Amino acid sequence: MNRLSNAFKGDRAIWALVALFMIYSLLAVYSSSVSVAFTKHGGNTTYFLRSQLLMLTFGLIIIIITSHLPYRIYSSVAGLFLIVSIGLLVLTLAVGVRVNEATRWIEIPGTGFRLQTSDVAKVALVLYLARALSQYQDELKDFRLITKYFMLPIAVVCGLIVSENLSTAMMIFGICMVILFIGRVPFKFLMLYVGVAFAGIILFALLLSVISPNSNRVTVWKNRIEHYVSGKGADGESYQSDQAKIAISTGGLFGKAPGNSTQRNMLPQSNSDFIFAIIIEEYGLLFGAIPLILAYMILLFRGIAIAKKCETAFPAFLVLGLVIMIVVQAMLNMLVAVGLFPVTGQTLPLVSWGRTSVLVISFSIGAILSVSRVINARIRKEELPEEEKTDEGEKIYEPATT
């Protein structure tokens with residue numbers, strides 16, 4: 001029992017949220033994917049359930065391991081991690097697997113496992129920004145420094161992603177802007193960078209439409225924006241959103257009960273991008289939507305609380321960056337499902353069926369717990385009477401240098 005409690009150290013509320021997300025995930029993934037699994041996997045209706053159970057198990061192991069690592073290690077490897085992730089993005093563009101007219105994955109030879117490199121780059125960029133903000137806290141009014149050490153890496157990562165996954169590139173850029181704002185980078189700098197990025201996306205789309213008039217990516221972007229603005233898309237363009245809205249409206253307050261979804265048979269990506277709609281259809285507003293929304297909000301508030309207790313800059317920026325990344329992705333997924341945002345293809349963290357996404361989010365939560373574990377140990381030590389603060393206790397907390 002003691003060993004078990006030692007494995008799950010850190011913020012207890014976050015551990016409870018992890019358990020909640022995983023329960024929702026297994027129930028919703030199984031229910032939403034039964035028909036697809038039966039059709040595409042030889043009648044094996046548990047294909048996606050077993051796959052998700054395996055990934056969540058790996059994810060839990062990753063959370064436990066990373067939560068026990070000293071958080072300073074993430075500062076030490078942040079630069080290398082970013083360089084490796086950029087290399088993976090370049091490799092994806094060169095030899096990546098093309099699915100649904102987009103090249104977003106690389107396949108690990110001999111395993112059949114597809115790695116979505118943008119997910120890896122996203123968390124690598126957050127770690128890098130946390131380290132950079134802690135290093136340059138006294139120089140954040142230097143425009144050249146901000147451009148060189150902050151915006152250049154952001155531009156490289158987003159630039160390598162944008163051609164194949166515009167929504168993810170925009171989401172990563174937005175998350176980075178929020179992190180820099182929290183890190184006290186001047187607001188006027190951020191507005192300038194946002195304007196340049198917006199102009200760059202428009203110029204890129206225009207150039208792509210001229211160089212490759214029949215480019216499917218530009219057509220997809222255009223149709224999704226037109227559908228969102230006007231409410232009317234090209235034939236079949238609004239199909240996903242319409243089916244998600246039907247699922248939500250028929251779910252009502254209490255839902256149809258687990259396993260009784262009808263839209264899962266008609267809604268593409270029902271176990272990933274639109275799983276929130278299926279959850280509402282089966283569990284309703286009271287037992288599906290509200291608990292999940294509150295869970296992500298609690299995760300955000302717990303992250304803020306942990307960051308406030310940090311005595312140095314890096315762990316605070318690390319926790320805030322990672323928790324913002326998770327919550328923003330969750331909110332985008334939910335907004336898309338209810339029709340308040342254009343279709344983006346973002347998964348619901350730790351709930352949607354996935355592989356790379358589950359592993360990356362698990363690593364992120366483990367890093368947050370790593371900081372909270374050290375903080376909890378420090379607080380316990382401070383509460384001890386002076387005579388009980390032994391040498392062994394002194395080793396529990398070692399403040400970081402950044």
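The values are calculated or read from the model by the stated rules, or taken from the named source; none is laboratory data. Predicted model only: the values in this text are computed from it and were never measured. Here the Cβ is made from the backbone with ideal geometry for all residues, glycine too, and neighbour counts use every protein chain on show.
What are the residues in segment 159-174 that are polar (S, T, N, Q) and assigned to a loop (DSSP other than H, G, I, E, B), if any?
Step one: of segment 159-174, the residues polar (S, T, N, Q) are 163, 165, 167-168.
Across segment 159-174, the qualifying residues are Ser163, Asn165.
In the condition set (1) surrounded by fewer than 24 Cβ atoms within 10 Å (Cβ to Cβ); (2) at pLDDT below 95, Leu294 is compliant with all but (2).
Let's see how each residue does on (1) crowded, with 20+ Cβ neighbours inside 10 Å; (2) out of contact with any Lys or Arg (no Cβ under 7 Å at 6 or more places or on another chain); (3) β-branched (Val, Ile, Thr); (4) in a helix (DSSP H, G or I):
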residue: Glu139; (1), (2), (3), (4): no, yes, no, no
residue: Thr147; (1), (2), (3), (4): no, yes, yes, yes
residue: Leu152; (1), (2), (3), (4): no, yes, no, yes
residue: Val157; (1), (2), (3), (4): yes, yes, yes, yes
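Of everything in segment 328-357, what is assigned to a helix (DSSP H, G or I) and surrounded by 19 or more Cβ atoms within 10 Å (Cβ to Cβ)? Give them in sequence order.
In the first step, residues of segment 328-357 are kept if they are assigned to a helix (DSSP H, G or I); the result is 328-337, 356-357.
Correct list: Val328, Gln329, Ala330, Leu332, Asn333, Met334, Val336, Ala337, Thr356, Ser357.
Among the residues making up segment 232-256, those that are among the basic types (Lys, Arg) and at pLDDT 90 or above are Lys245, Lys256. Any chance segment 74-88 includes a residue that's closer than 30 Å to Arg131 by Cα, more than 21 Å from the chain's Cα centre (by Cα) and either in contact (Cβ under 8 Å) with a residue 60 or more places away in the chain or surrounded by fewer than 19 Cβ atoms within 10 Å (Cβ to Cβ) (or both)? Yes, segment 74-88 has at least one match.
Checking Val218, Val185, Val210, Val229 one by one, the residue that is modelled with pLDDT of 90 or more and of a type in the set (A, V, I, L, M, F, W, C) is Val185 and no other. Specify the residue that is nearest to Gly87 (Cα to Cα); the eligible residues are those in segment 160-187 that are without any contact (Cβ under 8 Å) to a residue 40 or more places away in the chain and loosely packed, with under 14 Cβ neighbours inside 10 Å. Per the stated criteria, the residue is Phe181. Among the residues making up segment 245-261, those that are closer than 28 Å to Met55 by Cα and surrounded by fewer than 14 Cβ atoms within 10 Å (Cβ to Cβ) are Ala257, Gly259, Asn260. All of Arg355, Arg373 fail the test of being of a type in the set (Lys, Arg) and modelled with pLDDT of 90 or more, apart from Arg373. Select from segment 376-398 the residues that are assigned to a loop (DSSP other than H, G, I, E, B) and at pLDDT 65 or above and write down the one among them that is surrounded by the most Cβ atoms within 10 Å (Cβ to Cβ). Of everything passing the filter in segment 376-398, Leu384 is surrounded by the most Cβ atoms within 10 Å (Cβ to Cβ).
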